[in-house]
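Asker: Here it is, the structure in full.
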Amino acid sequence: MHVRVTVDASEHPSFDPHHHPLWWGVLGAVAIEAAVVATLLTSYFYLALQSPAWPPEGVDPPDLFWPTVVLCLLPASSWTMWWAGKGSDAGRKRQLAIGVTASVAIASLALVARSVQFTALDIRWDDHAYGSMLWTITGFHYTHVVSAILGTVVVSVLAWRGYFTPERQLGVVVDTLYWYFVAAVFLPIYLVLYWVPRVLS
């Protein structure tokens with residue numbers, strides 16, 4: 001005799017991604033990384049105020065084109081992540097898979113734009129304090145984009161394999177949280193690195 005028991009896991013508190021320890025862990029990691037970015041930007045302003053000229057004489061501020069391209073691409077990738085999450089909530093597995101894959105593709109384009117910007121910089125990291133801060137902050141965010149892409153590639157593969165359901169979407173939720181952070185934190189970086197030198201000069 002076989003007895004089949006059906007359990008509605010969605011009503012069990014442990015299945016709420018926002019109460020899961022991993023969600024809080026990722027939120028804590030985001031808070032730490034946000035603090036690091038804030039510290040780097042504060043250091044940038046401190047050095048700027050201590051310098052007679054910022055950027056130094058004879059050094060032009062970085063070109064605006066490629067960073068502005070990135071500024072447009074990252075929010076677009078966040079929208080596709082949001083759309084993917086809505087599909088995950090509703091159990092639309094194909095929408096989830098398409099959304100996260102699109103986010104990876106868009107962010108990869110942003111990474112290409114960042115790489116082109118690196119090659120176009122005529123400032124070395126060890127030329128002066130300005131060059132050090134420019135390369136450090138830019139490189140730090142670059143690694144964030146890389147890590148977000150790598151994590152979302154894993155989510156994308158699992159999504160295409162039908163792994164996620166409305167009751168099993170913790171991976172989607174924490175990946176989306178980190179993705180939003182990576183996209184949002186570029187705005188203050190963009191304003192400080194590419195507009196402040198134009199205002200101060």
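The values are calculated or read from the model by the stated rules, or taken from the named source; none is laboratory data. All values derive from a computational prediction rather than experimental measurement. Here the Cβ is made from the backbone with ideal geometry for all residues, glycine too, and neighbour counts use every protein chain on show. The area values use the complete protein model at the heavy-atom level, side chains included, leaving out ligands, DNA and RNA. Shrake-Rupley method; radii C 1.70, N 1.55, O 1.52, S 1.80 Å.
Asker: Which whole DSSP H helices in the chain pass both tests: a Cα extent of 18 Å or more along the axis and a mean Kyte-Doolittle value no lower than 0.5? Could you put the intermediate results ahead of the total?
Answerer: Details: long enough: 21-50 (43 Å, 1.39); 65-89 (37 Å, 0.47); 93-120 (41 Å, 1.02); 129-160 (46 Å, 1.20); 170-184 (21 Å, 1.51).
Span-like helices here: 21-50, 93-120, 129-160, 170-184.
Asker: Let me ask another. Applying a 10 Å radius around every beta-carbon, put 94-106, 22-34 in order of their mean neighbour count, most first.
Answerer: Numbers: 94-106: 21.4, 22-34: 13.8.
Output ranking for 94-106, 22-34: 94-106, 22-34.
Asker: Now for a separate question. Just add up the charged neighbours of residue 170: K/R +1, D/E -1, any other residue whose Cβ is under 14 Å from the Cβ of residue 170.
Answerer: Numbers: positive: 168; negative: 16, 89, 167, 175.
Local charge sum for residue 170: -3.
Asker: Run the numbers on the chain and let me know its relative contact order in percent, using alpha-carbon pairs under 8 Å that are six or more apart.
Answerer: On the way: 192 pairs, mean separation 64.4, N = 201.
About 32 percent, as a whole number.
Asker: Run the numbers for residue 92 and residue 128: contour at 0.36 nm per residue of separation, minus the present Cα-Cα distance, in nm.
Answerer: Numbers: separation 36, 0.36 × 36 = 12.96 nm, distance 5.23 nm.
Residue separation times 0.36 nm, minus the Cα-Cα distance, leaves 7.7 nm.
Asker: Would you indicate which of (1) 57, 39, 27; (2) 85, 27, 24; (3) 63, 32, 31 is the value of Cα extents along the principal axes in Å derived from the coordinates of this structure?
Answerer: It is the value labelled (2).
Asker: Ignoring ligands, DNA and RNA, please state the percent of accessible area on the chain from carbon and sulfur, probe 1.4 Å.
Answerer: On the way: 7570 of 11090 Å².
Result for the chain: 68 percent of the exposed heavy-atom area is carbon or sulfur.
Asker: Still on this structure: So what is the accessible area of segment 18-200 per residue, in Å², with the probe set to 1.4 Å?
Answerer: On the way: 9170 Å² over 183 residues.
I get 50 Å² per residue for this part.
Asker: Once fully extended, how much extra length lies between residue 105 and residue 31, figured as 0.36 nm per residue of separation less the alpha-carbon to alpha-carbon distance? Don't jump to the answer; show the numbers that get you there.
Answerer: Working: separation 74, 0.36 × 74 = 26.64 nm, distance 2.62 nm.
Here the answer is 24.0 nm.
Asker: Would you mind estimating how fast segment 63-176 diffuses translationally, via Stokes-Einstein at 37 °C and 0.692 mPa s with the Kirkwood radius over Cα pairs, in µm²/s? Present the calculation step by step, with values, prior to reporting the outcome.
Answerer: Numbers: Rh = 15.1 Å.
The diffusion coefficient I find is 217 µm²/s.
Asker: Around residue 120, with a cut-off of 13 angstrom between Cβ atoms, what is the net charge of the other residues, counting Lys and Arg +1 and Asp and Glu -1? Before the final figure, lay out the partial values.
Answerer: Numbers: positive: 114; negative: 60, 63, 122.
Residues close to residue 120 contribute a combined charge of -2.
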